[in-house]
1. Just how many % of Cα pairs in region 214-254 lie over 13 Å apart, if you round to the nearest whole percent?
2. Of LYS185/LYS219; LYS112/LYS157; LYS185/LYS207; LYS112/LYS185, which ones are farther than 27 Å apart at the Cα?
3. At 37 °C and 0.692 mPa s, grab the translational diffusion coefficient of region 120-240 from Stokes-Einstein with a Kirkwood Rh over Cα pairs, rounded to a whole number in µm² per second.
4. Would you mind calculating the gained length between GLU156 and ILE233 on full extension (0.36 nm times residue separation, minus the Cα-Cα distance), in nm to one decimal?
5. Based on the Cα coordinates of region 177-248, what is the per residue volume of their convex hull in Å³?
6. May I ask you to give the average projected area over all directions of the convex hull of the Cα atoms of region 95-139, in nm² rounded to one decimal?
7. Want the number for LEU148 to GLN223: 0.36 nm per residue separation, take away the alpha-carbon distance, what's left?
8. Against the empirical 2.2 N^0.38 Å scaling, what ratio does the C-alpha Rg of region 112-181 come to?
Amino acid sequence: MFEKIKQRVQANLVIVMLITGVIMMLILVIVYQTTARENAKLDEGVEILTALETRDLYTMEEKIDYMKRKAVDPGDYTALFGNALVFGDSIAEGLGLFGFLNPTSLVAMMGKSAENSQGDVQSIVELAPRYVFFELGLNDISHPDSTLDAYILSYEKLIDSIRLQLPNTQIYVCSIFPVTDEALKENPELSQIETYNAALVEMAARKNIHYINTYPLLKNNPQYHEQDGIHVIREFYPLWLDTLVDNSNLKNLL
């Protein structure tokens with residue numbers, strides 16, 4: 001009798017040990033799989049962090065811009081040019097005077113030329129725009145000692161300085177705006193505008209930057225000129241800004 005009980009106990013003990021062994025194996029499998037998953041997640045996280053550390057800040061901003069698409073009012077130029085900057089002379093200065101752009105999106109002054117703009121590079125760098133639109137040339141042409149070669153050389157130095165410090169900023173060069181026939185009579189040197197624009201096209205191709213042909217905007221719409229035949233009235237600026245948006249990556253915000 002005692003022997004049967006002993007055998008039964010031993011059999012039950014074997015069963016218990018087997019069950020315990022199976023449970024331990026299951027636990028080990030679960031722990032291994034969990035650890036493997038966590039390690040995989042950790043490795044993935046390290047890869048992501050590494051990528052984020054080496055990824056260009058502008059790439060991240062482009063992702064944000066992509067998420068903002070269809071969220072910007074086409075007429076809200078302050079929002080559209082939030083990461084952009086217009087650099088130019090008194091014509092560009094009107095963008096601020098009439099309230100189309102914020103001061104952080106504009107570096108412009110009466111008399112500004114390609115030749116005298118090198119000192120403004122630091123101002124552009126401090127604003128760190130993703131897009132820069134240049135509008136320069138009328139004052140260069142008007143200067144009695146200026147030449148086409150000097151103009152292009154100054155422009156290229158300006159572009160090179162921006163590229164050196166803001167290598168990921170996209171640069172757009174606008175053509176020089178036309179003047180009226182009456183203004184040409186007063187300022188015959190401005191008859192060179194089309195020649196200068198042709199040189200800008202060649203420069204843009206040589207420097208691998210974007211050229212935006214804004215010349216026809218005023219040539220085909222002289223009513224937007226001020227009485228002096230050189231400067232423009234308030235109503236011209238939306239036409240100009242829309243052209244800049246449509247011919248740049250800013251259109252992706254719409």
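The values are calculated or read from the model by the stated rules, or taken from the named source; none is laboratory data. This structure is a prediction, so every number in the text was calculated from the model and none was measured. Only protein heavy atoms, including side chains, enter the accessible area calculation; ligands, DNA and RNA are left aside. Shrake-Rupley method; radii C 1.70, N 1.55, O 1.52, S 1.80 Å.
1. 54
2. Over 27 Å Cα-Cα: LYS185/LYS207.
3. 214
4. Residue separation times 0.36 nm, minus the Cα-Cα distance, leaves 24.7 nm.
5. 82
6. 3.4
7. Contour length minus Cα-Cα distance gives 24.1 nm.
8. For region 112-181, the normalised Cα radius of gyration is 1.15.
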